[in-house]
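Asks: Structure incoming, see below.
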Amino acid sequence: MIDTLIVVDVQNDFCRDGALAVPEGDQVVGRVNALMAEAGSLILTQDWHPEEHLSFASNHPGAAAYDTTDMPYGQQILWPDHCISGTRGAAFHPDLKTDRADLIIRKGFRPQIDSYSAFFENDHKTPTGLHGYLQTRGLKTLTIVGLAFDFCVLYSALDAAALGYDVTVIEEACRSIDLDGSREAALAGLRKSGVTLA
Ligand code: VGL
Ligand code: ZN
């Protein structure tokens, strides 16, 4: 039995043929559906960017995808255009059983700042509202799964642990982008922060 399940960004653009396809991204869908069926509370996140979002390489003249740039809040990887609000790429994977979700939280909608974590934008200060929601519902034990393990799942889990939640990540229900060893770094970071890897 899972107390509160947070399903991160299982969206078309992170799956096969998507704009920012995570290798084997679709393969989590079956596993995630099974976990959702046994969750007490269910929250989904959705990466949700305007076209002019500054995490897109296309909005930085001369830049290529996967370059990095300095933003006021720190270093930012520049991504291919992805999860543009309202497009098919931003929609959940068609086989994901979303109907039981209590809450869908969208993130990354401010043009000037990216948001990997479900809790805070990449300045680590601007809240998404999820912490307030969980607090007011008294939900303290979180299981996090989804895409991508080494970005949005990672930062969500680190923030949750820092906020005092009891956090488990089920790695087999996640897949990584794995940019320059980011998967290994994510595993190490999660272990160090007291997140349970199941
Ligand atoms: C993500 C890169 C850019 C993710 C979102 O969901 O992990 N990664 N936007
Ligand atoms: Zn994004």
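Asks: When the residues of the stretch 73-86 are narrowed to those that are in contact (Cβ under 8 Å) with a residue 24 or more places away in the chain and assigned to a loop (DSSP other than H, G, I, E, B), which ends up farthest from Asp13 (Cα to Cα)? Before you say what the answer is, go through the steps one by one.
Replies: In the first step, residues of the stretch 73-86 are kept if they are in contact (Cβ under 8 Å) with a residue 24 or more places away in the chain; the result is 73-74, 76-77, 79-85.
Then keep just the ones that are assigned to a loop (DSSP other than H, G, I, E, B); that gives 73, 80-83, 85.
On the way: Tyr73: 25, Pro80: 10, Asp81: 9, His82: 6, Cys83: 6, Ser85: 12 Å.
The selected residue is Tyr73.
Asks: Test Leu42 against the criterion of being over 22 Å from Asp178 (Cα atoms), in a strand (DSSP E or B), touching a helix residue (DSSP H, G or I) at 6+ places or on another chain (Cβ under 6 Å) and at pLDDT 95 or above, and give yes or no. Walk me through it before giving the result.
Replies: Values: over 22 Å from Asp178 (Cα atoms): yes; in a strand (DSSP E or B): yes; touching a helix residue (DSSP H, G or I) at 6+ places or on another chain (Cβ under 6 Å): yes; at pLDDT 95 or above: yes.
Judged against the criteria, Leu42 is a match.
Asks: Within the stretch 170-192, identify whether any single residue is part of a strand (DSSP E or B) and within 12 Å of the chain's Cα centre (by Cα), and answer yes or no. Give the derivation first.
Replies: Residues of the stretch 170-192 that are part of a strand (DSSP E or B), as a first pass: 170-175.
After this cut, where a residue has to be within 12 Å of the chain's Cα centre (by Cα) as well, the list is 174-175.
Among the residues of the stretch 170-192, at least one is part of a strand (DSSP E or B) and within 12 Å of the chain's Cα centre (by Cα), which makes the answer yes.
Asks: Six or more apart or on different chains, Cβ under 7 Å: which pairs go from a residue in the stretch 10-39 that's closer than 15 Å to Ala101 by Cβ to one that's basic (Lys, Arg)? Could you list them?
Replies: Asn33/Lys97; Met36/Lys97; Met36/Arg100
Asks: Might you check whether a residue that is surrounded by fewer than 20 Cβ atoms within 10 Å (Cβ to Cβ), of a type in the set (Val, Ile, Thr) and modelled with pLDDT of 95 or more occurs anywhere in the stretch 50-70?
Replies: Initially, the stretch 50-70 is screened for residues surrounded by fewer than 20 Cβ atoms within 10 Å (Cβ to Cβ), giving 50-52, 54, 57-70.
Right, trim to of a type in the set (Val, Ile, Thr) and you get 68-69.
Add one more test, that the residue is modelled with pLDDT of 95 or more, and what stays is 68-69.
Among the residues of the stretch 50-70, at least one is surrounded by fewer than 20 Cβ atoms within 10 Å (Cβ to Cβ), of a type in the set (Val, Ile, Thr) and modelled with pLDDT of 95 or more, which makes the answer yes.
Asks: What are the residues in the stretch 141-166 that are free of Cβ contacts under 8 Å to residues at least 40 places away in the same chain and surrounded by fewer than 24 Cβ atoms within 10 Å (Cβ to Cβ), if any?
Replies: Step one: list which residues in the stretch 141-166 are free of Cβ contacts under 8 Å to residues at least 40 places away in the same chain, which gives 149-151, 154-155, 157, 161-162, 164-166.
Within the stretch 141-166, Tyr155, Ala161, Ala162, Gly164, Tyr165, Asp166 meet the criteria.
The values are calculated or read from the model by the stated rules, or taken from the named source; none is laboratory data. Source: prediction; values computed, not measured. Neighbour counts are summed over all protein chains in view; Cβ atoms, including those assigned to glycine, are modelled from backbone coordinates with ideal geometry.
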